[in-house]
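Participant: The structure's right below; bear with me while I get my questions together.
Coordinate-derived values only; no laboratory data. Note that this is a predicted model, so its numbers are computed, not measured. Backbone-built Cβ (ideal geometry, glycine too); neighbour counts: all protein chains shown.
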Amino acid sequence: MKRWMHALVIFAVFAVVWEILVRVGLIPEIFVPPPSRVALYLGKSLWDGTLLDASGVTLRRLLLGYLVGLAAGLPLGLLNARFKFMEDTVGMLALGLQTLPSVCWVPLALLWFGQTETAMFFIVIMGSLWSVILATDAGVRNVSPIYIRAARTMGSRGLHTWIKVIIPASLPFIVSGMKQGWAFAWRSLMAAEIYVTILTGFGLGHLLHYGRELHAMEQVVGIMLVIIMIGLLADKVLFSPWERFLYRRWGKEKA
């Protein structure tokens, strides 16, 4: 709680200084709106439901695409670590495609699927899949050989060793990869929503794009803050507790 209070005080001071600098003209208001205008926009958007509706649409797309990326990436990562052929083919492909910026998938998705929800999901899946594959592969390869030798000494073989020893021991690395995949999925979805306009639902990326088109900087900054807050909340609620538990479980307490 004390750490949270310190963070809140620092952010409050930052907001006050930001407001003052804009009000006295040291920062042009046309480029950087004061926090009061951003807060006014967020309050109005919450009141009329625009922000909640857009957040719901974005989170639905994000979760569905991310879960599909996980469902495909985890087994492919395990196969990569187990079979040399998979490492030389799928692993090499994943290594190359992970470096591809998410926005590069947008033209391909539009040509294949048009202005549809399917195009959105495809971009999110492509953004998260490859990092999950690589993290799972790396997690399995970082399992200490001592665990495997000890299990085999006690009679464990084949699939039993994988299920009872290798996969549990690699979970700290896999969860870190899942968190990275979540971050890539976010970036991919924002690129998709900015460039793909569909009538089935306007998300946060669309609000960000329309704020730019209308030169409404308070809307642009406000939506950026909402995206940051959702990302931080997901990390603190979903990933961080799981990471801490797994690191303690395997004697790798994080500093």
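Participant: So Tyr147 ticks every box in (1) of a type in the set (Phe, Trp, Tyr); (2) in contact (Cβ under 8 Å) with a residue 24 or more places away in the chain; (3) surrounded by fewer than 20 Cβ atoms within 10 Å (Cβ to Cβ) but one. Which box is left unticked?
Facilitator: The one condition Tyr147 does not meet is (2).
Participant: Let me ask you something else. For residues that are farther than 24 Å from Val90 by Cβ, assigned to a helix (DSSP H, G or I) and of a type in the set (Ser, Thr, Tyr), scanning just segment 119-159, find the one that is farthest from the chain's Cα centre (by Cα).
Facilitator: That would be Thr153.
Participant: Hey, Thr58 hits all of (1) in contact with a Leu (Cβ under 6 Å, 6 or more places away or on another chain); (2) on the phi > 0 side of the Ramachandran plot but one; which does it fall short on?
Facilitator: (2)
Participant: Being out of contact with any helix residue (DSSP H, G or I) (no Cβ under 6 Å at 6 or more places or on another chain), among the hydroxyl-bearing types (Ser, Thr, Tyr) and not in a helix (DSSP H, G or I) is the filter here, so list the residues in segment 172-206 that pass it.
Facilitator: Result: Thr197, single match.
Participant: Continuing with this model, one more query. If you go through segment 60-69 one residue at a time, do you hit one that is surrounded by 17 or more Cβ atoms within 10 Å (Cβ to Cβ) and closer than 17 Å to Thr197 by Cα?
Facilitator: yes
Participant: I'd like the full set of residues that are among the aliphatic types (A, V, I, L, M), surrounded by fewer than 17 Cβ atoms within 10 Å (Cβ to Cβ) and touching a residue at least 12 places away in the same chain (Cβ under 8 Å), limited to segment 217-237.
Facilitator: If the condition is that a residue be among the aliphatic types (A, V, I, L, M), surrounded by fewer than 17 Cβ atoms within 10 Å (Cβ to Cβ) and touching a residue at least 12 places away in the same chain (Cβ under 8 Å), then Met224, Leu225, Ile230 are the ones that fit.
Participant: Provide a single number: the residues in segment 19-59 that are free of Cβ contacts under 8 Å to residues at least 60 places away in the same chain, within 30 Å of Ser188 (Cβ to Cβ) and not aliphatic (A, V, I, L, M).
Facilitator: Going through segment 19-59 one residue at a time, the tally reaches 6.
Participant: May I pose another question? So is Glu19 of a type in the set (Asp, Glu) and in contact with a Ser or Thr (Cβ under 7 Å, 6 or more places away or on another chain) or not?
Facilitator: Yes, satisfied.
Participant: Do we have Glu218 as part of a helix (DSSP H, G or I) and over 18 Å from the mean Cα position of the chain (by Cα) here?
Facilitator: Taking the combined requirement at face value, the residue satisfies it.
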